[in-house]
Ligand SMILES: [Fe+2]
Ligand SMILES: [Fe+2]
């Protein structure tokens with residue numbers, strides 16, 4: 001058996017092990033319980049039945065409110081039944097409130113309006129929502145998300161609307177559209193089981209904290225797998241939404257046809273959603289082109305088609321352009337690569353580390369496609385005529401930044417179980433991470 005095959009087998013067994021841990025832990029998580037308590041301070045969260053610990057001790061009586069003081073009892077014990085089964089909120093998310101929220105989101109965003117209008121069924125998301133009959137525990141989770149992590153809630157709804165538009169345009173069956181829509185709404189449930197300070201805006205993620213990011217699709221899967229009759233398309237769509245066709249994704253580094261339709265579409269929808277919040281339509285199309293090879297080209301070209309319109313939509317464009325900083329990072333990574341490549345070539349785990357070369361080559365070719373080079377800045381007049389190309393350059397550089405960040409994630413993931421990799425991983429991290437360039441933050445940025 002080859003070293004690469006060994007590494008892949010180990011990776012899959014790690015994912016299965018993590019899946020078991022997360023399924024066991026899905027019912028009760030301190031970060032989620034804290035979030036419930038915060039929500040309970042402003043929106044009545046009530047025990048809809050007596051709540052018992054696993055050892056039979058009564059913790060809260062039916063009708064009691066959960067808030068900052070009472071929730072400590074829930075954290076201190078292992079519960080007999082999961083929180084989302086025994087609790088309800090007075091002002092709960094339901095299908096009607098979600099339709100209202102989606103209408104508001106679409107009407108406020110010219111890019112989303114454009115995408116839904118061109119899909120062929122602009123109101124279709126409403127009828128799909130009406131057919132889902134969302135179970136109470138799922139609505140409770142969505143309520144906690146809406147009230148405690150509103151950025152994540154809006155990201156989920158926007159992703160669902162875009163994914164649905166793509167699905168309609170492609171001509172998916174009603175059943176697959178339903179699975180896709182539900183998976184899109186729930187894909188980041190696992191984030192609520194993560195310490196939210198790790199994800200706060202503008203904060204760079206430390207090495208050990210990346211594990212929480214890698215785990216969130218597994219946690220989302222674990223949460224949904226506890227809900228009866230959840231369709232396999234929903235579960236797999238959620239579990240695989242960070243997988244990438246070239247094998248650079250997580251948690252299982254799946255490639256090509258091993259990634260299900262729902263997950264491929266969510267990946268494209270998330271990319272459009274993340275960029276749509278900070279860029280113009282034209283810039284989204286550049287970013288779409290830069291993701292070819294990692295995301296499904298069929299769905300990317302449908303997204304590109306849906307974005308076409310005669311007028312140039314000027315959405316909230318990102319004016320905080322740090323072209324010089326981002327270009328410096330890219331230049332440093334590509335400049336340091338030949339020396340690193342030599343080290344990898346002579347390393348004991350050279351076969352297992354081979355994927356790094358592939359990823360760097362794809363970064364090089366993406367940089368070439370985008371016309372990025374070290375001497376570019378010297379050639380550009382940043383205050384004169386050339387200033388108009390900066391937004392486009394910025395989009396390309398933000399994408400490069402993201403690809404480099406993801407490569408660091410991938411290196412850590414794929415080497416954590418391999419012997420003798422500590423020093424070389426440290427070398428890679430030092431070269432690829434630049435303190436002056438912070439990781440894109442989740443507000444919600446697509447970091448997850
Ligand atoms: Fe997401
Ligand atoms: Fe995610």
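Bear in mind that the values in this text are calculations on the coordinates, not laboratory data. Fair warning: this is a prediction, and the values are worked out from it, not measured in the lab. Cβ atoms come from the backbone with ideal geometry, glycine included; neighbour counts cover every protein chain shown.
Can you sort 258, 196, 402 from fewest to most other Cβ atoms within 10 Å of each residue's own Cβ?
258, 196, 402
Note on residue 136 and residue 328: the model spin-label points, each 7 Å out from Cα along the C-beta direction, lie 5.7 nm apart. On full extension, the segment bounded by residue 97 and residue 174 gains 25.5 nm, given 0.36 nm per residue less the C-alpha separation.
Using a simple spin-label model with pseudo-atoms 7 Å out from Cα toward Cβ, residue 78 and residue 427 lie 4.6 nm apart. With R₀ set to 60 Å, the beta-carbon distance separating residue 258 from residue 50 gives a calculated FRET efficiency near 0.85.
Over the stretch 206-252, what is the mean sequence separation of C-alpha contacts under 8 Å (at least six apart), divided by residue count, expressed as relative contact order in percent?
Contact order relative to length: 37 percent.
Between residue 354 and residue 121, the distance separating the two model label sites (each 7 Å from Cα on the Cα→Cβ line) works out to 4.5 nm. As a proxy for reagent exposure, 304, 148 were ordered by neighbouring Cβ count within 10 angstrom, fewest first; the result is 304, 148.
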